[in-house]
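S.K.: If you scroll down you'll find the structure; I have some questions about it.
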Amino acid sequence: MFIGHFAPAMVAATHPKAPGLGTLFVAGQLVDFGFFGLALFGIENFRITPGMTVMNPLDLYDMPYTHSLLGSGIWAFGFALLIWLVTRSKTGAVIGGLVVLSHWLLDLLVHAPDLTLVGAPPKLGLGLWNYPAIEMPLELLITFGALAFYVFRTRSTAPRSKPALVLLAILLLGLQLFNWFAPEPEVADRGMMITALVAFAAVAAAAAFVGRTRTLKHA
């Protein structure tokens, strides 16, 4: 799952007390922000294993602090606490935390068995990355279905709203196509980790731009 992680963010953003769309996009990928950040320092680890799954060569063999259910829950709690400290909105904090936690649940659908409950076996994963005919349309459906839902529930407040939406849609689709069809990396190096972090940040920035140009229809 890649851009599908942003689907809960777009749905959650239609709640009247939700944090901003950009903040929720960060929430949707916070677990992976953490993973690649920790991997840069060798705290969590992965390697490239061709054929690991049909769609993805990442062998995610060591990620107890981010991709265990317990670890994801701690990241979710920390993010919720940060939102509460900044906004004093309990509802907004809960929404942000749930979007963070959704990451683990969506990964459970696609990952090979490499997720854990508390950082130790059993390892879990339903492995949809081995079934491209299911995973690819599913990822597009939930992502762009959520984007359509967000657009339906909001209205433009600025002339640049439509270009901002188009930019976000193009960026999401472009990154997903690159993820699917670019040549497989040969090694899990620092450049790959930094590229992933930059991609997550770019999408969050685009989402924040969209969020500033739209408001809820009933607001």
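S.K.: Would you tally the residues in region 106-122 being part of a helix (DSSP H, G or I), out of contact with any His (no Cβ under 7 Å at 6 or more places or on another chain) and open to solvent by 10 Å² or more (accessible area, probe 1.4 Å)? Show your work before the answer.
M.R.: Restricting attention to region 106-122, the residues satisfying the condition of being part of a helix (DSSP H, G or I) are 106-110.
From the residues that got through so far, the ones that are out of contact with any His (no Cβ under 7 Å at 6 or more places or on another chain) too are 108-110.
Retained after the next criterion (residues that are open to solvent by 10 Å² or more (accessible area, probe 1.4 Å)): 108-109.
Result for region 106-122: 2.
S.K.: Looking only at region 19-43, count every residue that is surrounded by fewer than 24 Cβ atoms within 10 Å (Cβ to Cβ), under 17 Å from the mean Cα position of the chain (by Cα) and not in a helix (DSSP H, G or I) and tell me the total.
M.R.: 1
S.K.: Now for a different question. Pairs please, first residue from region 12-28 and on the phi > 0 side of the Ramachandran plot, second anywhere and open to solvent by less than 40 Å² (accessible area, probe 1.4 Å), Cβ atoms under 6 Å, 6+ apart in sequence or on different chains.
M.R.: Short answer, once both residue conditions are applied: none.
S.K.: Just checking, how many residues over region 123-134 are part of a helix (DSSP H, G or I) and either open to solvent by 40 Å² or more (accessible area, probe 1.4 Å) or more than 25 Å from Pro64 (Cα to Cα) (or both)? Write out each step before concluding.
M.R.: Kept after step one, since they are part of a helix (DSSP H, G or I), are these residues of region 123-134: 128-130, 132-134.
Adding the requirement that they be either open to solvent by 40 Å² or more (accessible area, probe 1.4 Å) or more than 25 Å from Pro64 (Cα to Cα) (or both) leaves 130, 132-134.
Looking only at that region, the number is 4.
S.K.: Among all residue pairs at least 6 apart or on different chains, which show Cβ distances below 6 Å where the first residue, located in region 173-200, is farther than 25 Å from Leu138 by Cα and among the small types (Gly, Ala, Ser) and the second is open to solvent by 70 Å² or more (accessible area, probe 1.4 Å) and not in a helix (DSSP H, G or I)?
M.R.: Sorted first by the residue in region 173-200, then by its partner, the pairs are Ala188/Arg47.
S.K.: Next question, about the same structure. Check region 188-209 and report whether any residue there is open to solvent by less than 70 Å² (accessible area, probe 1.4 Å), farther than 20 Å from Leu38 by Cα and among the aromatic types (Phe, Trp, Tyr).
M.R.: Yes: region 188-209 contains one or more residues that are open to solvent by less than 70 Å² (accessible area, probe 1.4 Å), farther than 20 Å from Leu38 by Cα and among the aromatic types (Phe, Trp, Tyr).
S.K.: Go through region 135-155 and report how many residues are surrounded by fewer than 20 Cβ atoms within 10 Å (Cβ to Cβ) and either free of Cβ contacts under 8 Å to residues at least 24 places away in the same chain or among the aliphatic types (A, V, I, L, M) (or both). Full working, then the answer.
M.R.: Here is the first cut: in region 135-155, the residues surrounded by fewer than 20 Cβ atoms within 10 Å (Cβ to Cβ) are 136-138, 140-141, 144-145, 148-149, 151-153, 155.
From what's left, either free of Cβ contacts under 8 Å to residues at least 24 places away in the same chain or among the aliphatic types (A, V, I, L, M) (or both): 136-138, 140-141, 148, 151-152.
Residues meeting the conditions: 8.
S.K.: Checking His103 against (1) touching a His at 6+ places or on another chain (Cβ under 6 Å); (2) at pLDDT below 95, only one condition comes out false. Which one?
M.R.: (2)
S.K.: Moving on. Scan Ala208, Ala158 and give me the residue that is more than 17 Å from Leu24 (Cβ to Cβ) and in contact (Cβ under 8 Å) with a residue 24 or more places away in the chain. If you could, list the steps in order and put the result at the bottom.
M.R.: Details: Ala208 fails: more than 17 Å from Leu24 (Cβ to Cβ).
Unique residue meeting the criteria: Ala158.
Yes/no matrix, rows are residues, columns are (1) touching a strand residue (DSSP E or B) at 6+ places or on another chain (Cβ under 9 Å); (2) closer than 17 Å to Gly4 by Cβ; (3) not in a helix (DSSP H, G or I):
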position: Leu70; (1), (2), (3): yes, no, no
position: Ile95; (1), (2), (3): no, no, no
position: Ser102; (1), (2), (3): no, yes, no
position: Ile142; (1), (2), (3): no, yes, no
position: Ala146; (1), (2), (3): no, yes, no
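The values are calculated or read from the model by the stated rules, or taken from the named source; none is laboratory data. Just so it is clear, the structure is predicted and the values come from calculations on it, not from any experiment. In this analysis, Cβ positions are derived from the backbone assuming ideal geometry, glycine residues included, and neighbour counts consider all displayed protein chains. To get the accessible areas, we keep the full protein, side chains included, count just its heavy atoms, and leave off ligands, DNA and RNA. Shrake-Rupley method; radii C 1.70, N 1.55, O 1.52, S 1.80 Å.
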